[in-house]
1. Among Ile131, Ile11, Ile53, which one shows the highest mean-square fluctuation when the chain is modelled as a Gaussian network with alpha-carbon springs under 10 Å?
2. Taking θ as phi - 60°, what are the ³J(HN,Hα) couplings along segment 355-361 by the Karplus curve (6.51, -1.76, 1.60), each to the nearest whole Hz, with x for Gly and Pro?
3. How would Val172, Val268 line up from fewest to most surrounding beta-carbon atoms within 10 angstrom?
4. Taking 30 Å as R0, compute the FRET efficiency from the Cβ-Cβ separation of Val49 and Arg291 and round it to 0.05.
5. Say the dipole of the chain comes from +1 at the beta carbon of Lys and Arg and -1 at that of Asp and Glu; which of Ser85, Ala13, Asn107 then lies farthest toward its positive end?
6. With +1 assigned to the C-beta of every Lys and Arg and -1 to the C-beta of every Asp and Glu, and no other charges, what is the dipole magnitude of segment 3-412 about the Cα centre in debye, to the nearest 20?
7. Name the lysines eligible as straight-distance cross-link partners of Lys96: C-alpha to C-alpha under 19 Å, and not fewer than 8 places from it in the same chain.
8. Between Thr104, Thr154, Thr265, where does the largest GNM mean-square fluctuation fall for the chain, given springs only between Cα atoms within less than 10 Å?
Amino acid sequence: MSFTDDIKNYIQAGESNSEKLGLEIEHFVVDDDGNQIGFDLISVLIKEVADSIGADLLYTDGYVVGYVTDEYSITIEPSCQFEISINPHSSIDAIKKIYDEFYTVWNTVFSELGYHIERYGNLPNVELGIISPDDIPLSPKKRYKYMNKHFLKTGKYGKYMMRASASTQVSVDYSSEEDMIRKLRILQKISPLFMILMESKSSLFSTLDGAEDKPHLHRIQQWNDLDPKRTGFVPNSFDDDFGYDSLASLVYNTPLILLSDNSETIYVGDKTAKNLFEEKIIDEESLTDDRRKKLIEHFISMGFFHFRIKTYIEIRVADSVPIEKALFYAALIKGLIYSEENLTKLEEAFENVNSISEIDEAVEEIEKSGFDASIYDGKNVKELIDFLINLARNGLDSKEREYLDNVRSIWSNCQ
């Protein structure tokens, strides 16, 4: 059996009839002047909090970089963006409870040291031009050193992405290959609407250098420019033969930049997993099941597409937002994607969108005009968002509609 079969089997093993949601939010931890907390301090704080609550510490390159509990994990991203990853739940109330407990602990810890938590798509001091990304140090993981080296060659916004961006991610389950394909295609079609609905800026008028005609979706612009070999929408996902095999091939043939294996991280540049096996940098015959799984997860993680297929579909198009809005977003996705009736209505509503290029064009229009944009043959963005919210409401029970009604409240303030 080839390694691509292993990747395919890993993805296929995610098939589940459960209808859970995972939630991840990246936070900026800043002082009153907007300066981010340093790695040395936050690493010490993570160890202290982990010890106090009995959590298991996470290490990379000998540094404390996070911890794991039974309900969530904490990790430090490239420039000390502070991420919580909440284990999947079918109940949005359960997700809220876990986040609230996390926030209560950490808000107290940070406040005592003169820091507070902010949630935007970009660090406000960078977005407003008070500092540049060059003024922000990277955390000392080898991974980020190698990524920084690579992205200096592939695009103009790599520094922004690594040092000054933050996101909200929601994950959903799939029950079969057919279900995965169906949900991914629908989610990609409606994702430009998610992008603008979940945009989080500190100034209405800020733009990126070199993109003065595009005042919206800064973080998306940064990611799209990063490296065309590993960004944007999932390649070939609208082809007739798209499925687990093509996803496995994508993972196997995406340049890796770096290899994390056996507790070591090395720079490999444009080499792919295929190259590493062919050149015997990795000896496939010596792999244990655990090491094989970790390699697959690492290979998948080096593709920075707007959607990742792991053992679930990871939706990566929203800016970092306060928990209230993140829960609203989760409710919106749940109401749309975990309803057979709504999936069918979405397919019908967007049946004429059948390519990544059409979705890219919609994103570009929204980057220029925001909520006033017209996309997909002249459809008004505001009307399409209303359609999504109304549709999702029918897919939720009365309790979870309350979260969605708050989405509507936030959306109404944007019109």
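Since every read-out is calculated from the coordinates, none of them should be taken as a lab result. Keep in mind the model is a prediction, meaning the values are calculated, not measured. Here the Cβ positions follow ideal geometry from the backbone for every residue, glycine too, while neighbour counts run over all protein chains shown.
1. Maximum fluctuation in the GNM of the chain, among the listed residues, is at Ile53.
2. Residue by residue, segment 355-361 yields 8, 5, 4, 5, 5, 4, 5 Hz.
3. Val268, Val172
4. 0.50
5. Highest projection toward the positive end goes to Asn107.
6. Details: 44 positive and 73 negative charges, 103 e Å.
Dipole of segment 3-412, to the nearest 20 debye: 500 debye.
7. Lys20, Lys325, Lys334, Lys399
8. Fluctuation is largest for Thr104.
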